[in-house]
Amino acid sequence: MTTLAPTATPFEAALDQGAISALLVGLARRVALWERRARTRRALAHLDARALRDLGLDPIAAQAEAARPFWKG
């Protein structure tokens, strides 16, 4: 009688340690990017017209950028 060895599904095979590490690193980078966007957009929303002019931004464009969700690049 022949016994068959269990084989991993393609999904299980893809989730080896290297793939899991890469997934976690990618997730951490994405969260860091979102945090940076949220922080800079909050700061942009609090700048006055003089500070915006110093940066070369008009208030309407700055307001539009500050209102964007952090997950949108």
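The values are calculated or read from the model by the stated rules, or taken from the named source; none is laboratory data. Being a predicted model, the structure only gives us computed values, none of them experimental. Glycine gets a Cβ as well: all are built from the backbone with ideal geometry, and neighbour counts include every protein chain shown.
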Segments classed as helices (runs of 4 or more DSSP H), wholly inside the range 10-73, with at least 1 members that are of a type in the set (F, W, Y):
10-14, 17-45
The range 1-31: number of residues that are over 21 Å from F70 (Cα atoms), modelled with pLDDT of 65 or more and of a type in the set (G, A, S):
6
Top-ranked residue of the range 29-70 - restricted to ones that are surrounded by 11 or more Cβ atoms within 10 Å (Cβ to Cβ) and among the basic types (K, R), ranked as farthest from the chain's Cα centre (by Cα):
R53
